[in-house]
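Beneath this line is the structure, given in structure tokens, with notes to follow.
The values are calculated or read from the model by the stated rules, or taken from the named source; none is laboratory data. Keep in mind it's a predicted model, so treat the numbers as computed, not measured. Every residue, glycine among them, receives a Cβ derived from its backbone with ideal geometry; neighbour counts consider all protein chains shown. Note: accessible area is taken over every heavy atom of the protein model, side chains too, but ligands, DNA and RNA are not part of it. Shrake-Rupley method; radii C 1.70, N 1.55, O 1.52, S 1.80 Å.
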Amino acid sequence: MARKWLLRRPLTIEEILSWADAYRETTGRWPTKDTGAILGAKFETWLGVDAALRGGLRTLPGNSSLAQLLAEHRGVRNIHGLPTLSEGAILQWAEAHHQRTGAWPSIASGVIPDTAGETWKALDTALRLGARGLPGGRSLARLLAECRGVRHRRRPPRLTIAQILRWADAHHARTGAWPKAGDGAIADAPGDTWLAVDMALRHGRRGLAGGLTLALLLANERQARNAWSRPSLTAGQVLAWADAVHERTGDWPHAESGAVADAPGETWLAVDHALKRGGRGMPGGSSLADLLAAERGVRNLRNLPPLTRKQILAWADAHRKRTGRWPTVESGSIPDAPGESWITVNEALRKGTRSLRGGSSVARFLSQYRGKRSHIGLPALSQKKILVWADAHFQRTGKWPNTHTGPVVDAPGETWALIDNALNQGHRGLPGGSSLLRLLVRKRGVRDPMNLPALTEEQVLGWARVYFERTGEWPAYYAGAIADAPGETWARVDSALRLGKRTLPGGSSLAKLLVRVRIAAGDG
């Protein structure tokens, strides 16, 4: 194998550099010994070239490398022959970065301008490992903290209770409230947050003893209200607050009513939690809604009384007698049952709550027990039946029905809109994917406005000449229907001529077409 290597053809420095230049031009990068095969040089690899440069093989001088060759002749940065560094130089570059950006550099700050390829990450590595003339055992963050007073994220300064209280007092003076752990940055301590302070108080970090929280510290030292040690409650107290709300607003409070106006710092949600879970002197197992229902007779939406079929039918009969119509879910409140509404009755019928079986609705219930026509239980349809009704409509009116035609005269309770929806959605025994218009187009040859037949200028001129012979005038776009073309109007023809629809070229009009033809015929 060694004999084969020695017998390979000679190499020159110029040839290697030309291959490197070609690689750079093709890829935008300089090659390394691990780049692989050399394109355009059969059987050559960059690893083989590097080995020859190092060992003095193939007429090369030796004691070099691909990296050294490119550094000497092309100025490429050689990571194995980097210049020495000093902490002073690093600090100068850091000050320039701070002056330029307003921030001190970190290992993520990228390339350092005017340094021939240096990066902050490379400097950090050299500081840590003691490479490139540096003593080692440091980092970029530590160097800036020690020499420029920059805050070190992993070694924040020590804290004292007095210091934290000063920041809290300043926060209270500014905002009118004591700080909480979630209040973000501390205005008087750049780089610190209330969350970081709370964590240090809890876990005994940064010179603090631990076992405390920001809330407890402020409760002990500043008598700030602490959410975890709120005063006891009594049912009488809660009811007094509720009575005051009802007297002021006419409504009873609920868990989402917000702050308790008569008890600063309290919320109805917190009261509800205490009633439910216990604590603060409350036994638990109740709720604000339960308490008001038991003590003030307020309707509890989560514990509604049972419903019966007889009761619902009585309310429905009264509604019909009063309005002339059967109720629906949109009919609102039920006058005969304060607090009830048809939508809550519908939900109970649907879900099977309040002693009802479920799987029903107001519409189905009235259809079953009062014979009210319901769109859910409509009789089956067929295309043949629909066409019979459509033919009868056409014979009566001279027009085919559409979705806006209204009731189907020959089928009481039906409307053409309901039929169109059933054809489209596949309800009532129909396959779906159709419409009233499509059915009439396919089965009765009705004109489809979305798929009109093609027109030609000759065809339009033919209709115009017939119009002239009949009236003594040429048609205008407002002349109405074209007698010789059922479904066509002069306005539609004019629009097609203008816009280039229905295979017409466009850019014209009915008036322009007639003028052009009359001029060609010598008719002024």
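From the coordinates of this entry, percent of Cα pairs over 44 Å apart is computed, and it appears in (1) 66; (2) 27; (3) 39 under the label (1).
Highest mean packing comes first when the peptides 196-205, 266-275 are listed by Cβ atoms within 10 Å, giving 266-275, 196-205. For the range 395-453, just say rounded, prolate or oblate: build the C-alpha gyration tensor, square-root its eigenvalues into a ≥ b ≥ c, call rounded for a/c under 1.5, and beyond that prolate if a/b exceeds b/c, oblate if not. Since a/c reaches 1.5 but b/c is at least a/b, the shape of the range 395-453 is classed as oblate.
Distance between the 7 Å Cα→Cβ label points at residue 169 and residue 187: 1.6 nm. In the context of the full set of protein chains, the range 155-283 has a per residue accessible area of 57 Å² (1.4 Å probe).
Computed with a 1.4 Å probe over protein heavy atoms only, the accessible surface of the range 385-524 comes to 59 Å² per residue. Straight-line cross-link partners of residue 384 among the lysines, defined as a Cα under 23 Å from its Cα and at least 8 positions apart when in the same chain: 399, 443.
Provide the net charge surrounding residue 494, with neighbours chosen by a C-beta distance below 15 Å and charges set as Lys +1, Arg +1, Asp -1, Glu -1.
Charge balance near residue 494 sits at +4.
Prolate is the label for the range 159-318, because the ratio a/c of its alpha-carbon gyration tensor axes (a ≥ b ≥ c) is 1.5 or higher and a/b is greater than b/c.
Classify the range 1-81 as rounded, prolate or oblate, taking a ≥ b ≥ c as the square roots of the eigenvalues of its Cα gyration tensor: rounded when a/c is under 1.5, otherwise prolate if a/b is larger than b/c and oblate if not.
Verdict is oblate for the range 1-81.
So if R0 is 35 Å, what FRET efficiency would residue 26 and residue 131 give, r being the distance between their Cβ atoms, rounded to the nearest 0.05? Step by step, r from the Cβ atoms, then E = 0.60. Overall, the accessible surface of the chain at a probe of 1.4 angstrom is composed of carbon and sulfur to the extent of 54 percent.
Got a sec? Charge dipole of the range 453-524, +1 on Cβ for Lys and Arg, -1 for Asp and Glu; which of 490, 508, 479 is way out at the positive end? Highest projection toward the positive end goes to 508.
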